[in-house]
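Colleague: Okay, here's the structure, questions in a sec.
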2 protein chains.
Amino acid sequence: MEFSEIVQQRRSVKSYDPDKTISDAELRELFDEVVLSPSSFNLQNWTFIAVKDSAMKKKLKEAAWGQSQVKDCSAAILVCGKLDAYQDAPKIYKDAPKEVQEGLLPMINNFYEGKEQLQRDEAIRSASLAAMTLMYGATSRGWATGPMIGFDPEAVSRLLKLTPNLIPVMIVVLGRQKDPPRPRSYRHPVEKVVRLNTLDGPGLTGMPHPPNKPDPAHMPAGA
Amino acid sequence: MEFSEIVQQRRSVKSYDPDKTISDAELRELFDEVVLSPSSFNLQNWTFIAVKDSAMKKKLKEAAWGQSQVKDCSAAILVCGKLDAYQDAPKIYKDAPKEVQEGLLPMINNFYEGKEQLQRDEAIRSASLAAMTLMYGATSRGWATGPMIGFDPEAVSRLLKLTPNLIPVMIVVLGRQKDPPRPRSYRHPVEKVVRLNTLDGPGLTGMPHPPNKPDPAHMPAGA
């Protein structure tokens with residue numbers, strides 16, 4: 001399937017066939033791709049918990065405002081961000097040339113150490129990139145998915161036994177879609193959300209723009 | 001190109017052919033797909049600034065630790081997260097049935113209003129999902145990309161005239177790759193970063209696991 005088709009086909013799905021299961025082998029095929037997602041300094045600030053067990057999915061549903069897709073899906077995958085991933089750098093770069101290690105490792109440490117907001121930003125950023133790969137990989141193999149943030153992060157952390165260095169970033173439910181897809185919901189126009197050169201530059205219409213002539217009819221998207 | 005192939009082919013590229021340009025029409029084709037990315041409550045917490053102008057790319061490079069890919073790429077795309085996207089909900093749901101609006105709009109407002117950390121988390125999460133779509137869409141069309149966080153966010157915000165409701169989440173440089181790709185860098189093993197049912201559950205090997213028998217040889221990935 002071409003990527004354009006995958007993007008069109010991917011929808012955030014809420015109703016799943018509760019009898020459909022996914023094998024570890026099928027999940028593994030997906031995650032072999034997910035881990036190829038990019039991350040800052042290749043720190044791979046992610047950890048995934050694939051909840052397939054029925055009793056566990058039931059408990060997870062309770063921590064997710066009772067939303068039935070968490071129970072009915074084939075796997076509810078908690079995508080976690082790893083706050084202290086920068087501490088893995090020595091391991092990640094263990095085979096790099098010595099001069100690369102000597103330059104990079106102190107730099108990475110200085111960049112993140114003690115910076116709690118940045119560690120959190122990074123965990124969410126990298127884990128989200130990986131989550132998107134997971135959803136497209138699933139779509140390309142005929143699975144439906146749905147990303148969710150509607151859950152109690154503390155309850156989920158307790159239930160899935162997260163260590164304090166991990167934060168829940170989202171749940172991606174994955175399974176066989178039950179109901180036909182609804183019409184796609186509203187999207188802001190591209191020319192509104194994509195600006196050229198500066199926020200107050202012309203919106204991207206797809207037509208070439210004369211330089212230095214922003215279209216005054218377009219208000220900045222962030223205004 | 002199959003998605004598996006796109007994932008394998010996508011690499012974080014740093015060297016670009018400075019003579020290669022991208023047309024607005026080509027960018028538009030990409031962004032028509034990017035805006036189909038998922039976001040919480042479909043709030044589309046993103047705004048993109050595609051910097052194609054040479055003088056602007058040069059200035060942006062200076063705000064990005066002098067990294068040459070920002071100047072040499074065909075477009076340096078600043079992916080912004082929109083902190084106040086929840087305020088767009090009335091517009092986004094304007095065509096929804098009245099009873100949906102009456103339930104959903106106060107709920108969305110309560111969920112985000114006054115919660116600065118959550119607004120930031122959401123902006124980073126949604127913008128990162130969109131950034132991943134951008135990179136795969138580009139790869140599928142033969143463009144190389146590179147996500148970057150190595151820049152001064154304040155300097156970039158000033159230069160691209162961001163309003164205070166927007167935060168830079170990453171720059172995605174996009175262009176024609178100049179040098180041959182380097183070998184892919186180290187990835188943590190899948191069985192380490194993907195756990196079954198709980199963090200201390202068995203790692204995902206791709207083989208079926210007997211229920212309630214976690215493999216003690218596997219340490220939790222987050223430990």
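Colleague: Please specify each residue of region A:126-149 satisfying the condition of being more than 8 Å from chain B (Cβ to nearest Cβ) and within 13 Å of A:LYS61 (Cα to Cα).
Modeller: A:MET148
Colleague: Name the residue that is nearest to B:TYR112 (Cα to Cα), counting only residues in region B:76-92 that are within 8 Å of chain A (Cβ to nearest Cβ) and not charged (D, E, K, R).
Modeller: Restricting to residues being within 8 Å of chain A (Cβ to nearest Cβ) and not charged (D, E, K, R), the top hit is B:ILE92.
Colleague: Wholly within region B:37-154, which helices (runs of 4 or more DSSP H) include no fewer than the required count, namely at least 2 residues that are out of contact with any strand residue (DSSP E or B) (no Cβ under 7 Å at 6 or more places or on another chain) and in contact (Cβ under 8 Å) with a residue 24 or more places away in the chain?
Modeller: By residue number, B:54-62, B:89-92, B:98-112, B:116-140.
Colleague: Can you report the number of residues in region A:19-63 which are within 21 Å of A:GLY150 (Cα to Cα) and within 7 Å of chain B (Cβ to nearest Cβ)?
Modeller: Total satisfying the criteria: 9.
Colleague: Evaluate region A:2-18: report whether one residue or more is facing chain B (nearest Cβ under 10 Å), assigned to a strand (DSSP E or B) and touching a strand residue (DSSP E or B) at 6+ places or on another chain (Cβ under 6 Å).
Modeller: yes
Colleague: Related question: Restricting to region A:19-36, and then to whatever is assigned to a helix (DSSP H, G or I) and among the acidic types (Asp, Glu), can you tell me which residue is surrounded by the fewest Cβ atoms within 10 Å (Cβ to Cβ)?
Modeller: Among those that are assigned to a helix (DSSP H, G or I) and among the acidic types (Asp, Glu), it is A:GLU29.
Colleague: Only one of (1) in contact with a Phe, Trp or Tyr (Cβ under 7 Å, 6 or more places away or on another chain); (2) facing chain B (nearest Cβ under 9 Å); (3) not acidic (Asp, Glu) fails for A:LEU174. Which number is that?
Modeller: Unmet condition: (2).
Colleague: Return yes when B:ILE167 is buried (at least 23 other Cβ atoms within 10 Å of the Cβ) and among the β-branched types (Val, Ile, Thr) and no when it is not.
Modeller: No.
Colleague: Among the residues of region B:176-223, write down those that are at pLDDT 95 or above and at positive phi.
Modeller: Hit for region B:176-223 is B:ASN197, nothing else.
Colleague: Can I ask one more? Using beta carbons and a limit of 7 Å, which pairs, at least six apart or on different chains, have the first residue in region B:193-205 and more than 7 Å from chain A (Cβ to nearest Cβ) and the second one β-branched (Val, Ile, Thr) and not in a loop (DSSP other than H, G, I, E, B)?
Modeller: B:GLY203/B:VAL194
Colleague: Confirm whether B:SER37 is hydroxyl-bearing (Ser, Thr, Tyr) and touching a Leu at 6+ places or on another chain (Cβ under 6 Å).
Modeller: Judged against the criteria, B:SER37 is a match.
The values are calculated or read from the model by the stated rules, or taken from the named source; none is laboratory data. Because the structure is predicted, anything quoted here is derived from the model rather than measured. Don't worry about glycine lacking a Cβ; one is built from the backbone with ideal geometry, like all the others, and counts go over all protein chains shown.
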